[in-house]
Amino acid sequence: MAGSSEEAPDYGRGVVIMDDWPGYDLNLFTYPQHYYGDLEYVLIPHGIIVDRIERLAKDIMKDIGYSDIMVLCVLKGGYKFCADLVEHLKNISRNSDRFVSMKVDFIRLKSYRNDQSMGEMQIIGGDDLSTLAGKNVLIVEDVVGTGRTMKALLSNIAKYKPNMVKVASLLVKRTPRSDGFRPDSHMRHQ
């Protein structure tokens with residue numbers, strides 16, 4: 001049965017959090033006082049997130065081949081993750097024998113239904129997407145749920161003929177409504 005705790009986890013390129021994971025006791029960590037009384041446990045400690053993002057950056061550089069990168073950050077949720085990931089990518093570039101140029105642009109995705117009740121996606125903001133032609137594009141998203149929105153974005157971007165497109169996501173939500181899309185690099189399953 002899919003998703004059962006008896007099934008071996010597919011670690012792939014992410015940290016897997018099982019459905020029955022009880023989390024860490026709050027007494028093991030410090031956290032902002034305004035959260036007191038609202039939290040029951042820590043699901044992922046900050047240090048694990050930092051270390052995992054650093055490893056994602058290494059995987060991305062390996063995949064893209066130390067070539068220049070056009071980063072498309074999907075707002076609003078992807079902002080902090082993107083900033084941290086880009087900082088790690090820059091550190092890798094600084095410490096390598098080849099400088100990797102990175103440009104970051106920001107987009108928002110809006111889903112809506114048209115007159116025929118078909119789901120459509122609108123890309124808001126960002127430079128003219130035709131500038132992606134021939135570039136190595138890294139899309140940075142906070143959470144991939146069903147995968148439909150990301151597939152629509154990838155389809156839209158493909159029209160501009162980039163050299164390569166990779167997707168990095170902080171979280172991948174385990175949901176029965178998933179269409180099976182998995183980012184190239186991600187933090188964990190939720």
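The values are calculated or read from the model by the stated rules, or taken from the named source; none is laboratory data. Bear in mind that the values here come from a model prediction, so they are computed numbers and not experimental data. Quick reminder, even Gly has a Cβ in these numbers, built from the backbone with ideal geometry, and neighbours come from all protein chains shown. Areas reflect the complete protein model, heavy atoms only, side chains present, ligands, DNA and RNA absent. Shrake-Rupley method; radii C 1.70, N 1.55, O 1.52, S 1.80 Å.
Once neighbouring chains are kept in place and the probe is 1.4 Å, which whole percent of the accessible area of the stretch 73-153 is contributed by carbon and sulfur?
47
Determine the gain in length on full extension of the stretch Glu87-Ser111; use 0.36 nm per residue of separation and subtract their C-alpha separation, reporting nm with one decimal.
5.6 nm
In nm, give the distance between the simple-model label positions of Met18 and Asp128, each being 7 Å from the Cα along the Cα-to-Cβ direction.
Roughly 5.4 nm, to one decimal.
Of Lys90/Lys151; Lys76/Lys173; Lys80/Lys161; Lys110/Lys159; Lys90/Lys110; Lys58/Lys159, which ones are farther than 24 Å apart at the Cα?
Check vs 24 Å cut-off fails for Lys90/Lys151; Lys80/Lys161; Lys90/Lys110; Lys58/Lys159.
Is the stretch 50-117 rounded, prolate or oblate when judged by the Cα gyration tensor, a ≥ b ≥ c being the square roots of its eigenvalues, rounded requiring a/c under 1.5 and prolate requiring a/b larger than b/c?
Since a/c reaches 1.5 and a/b is larger than b/c, the shape of the stretch 50-117 is classed as prolate.
So between Gln33 and Arg174, what do we pick up on full extension, going 0.36 nm a residue minus the alpha carbon distance?
Gain on extension, Gln33 to Arg174, equals 47.7 nm.
May I ask you to order 81-90, 159-168, 98-107 by the average number of other C-beta atoms within 10 Å around their residues, highest value first?
The peptides rank, most packed first, as 81-90, 159-168, 98-107.
Multiply the residue separation of His46 and Ser101 by 0.36 nm, subtract the distance between their alpha-carbon atoms, and state the gained length in nm to one decimal.
17.0 nm
Looking only at the stretch 131-152, which residues have a backbone nitrogen under 13 Å from a spot 7 Å from the Cα of Met121 in the C-beta direction?
Only 139-152 pass the distance filter.
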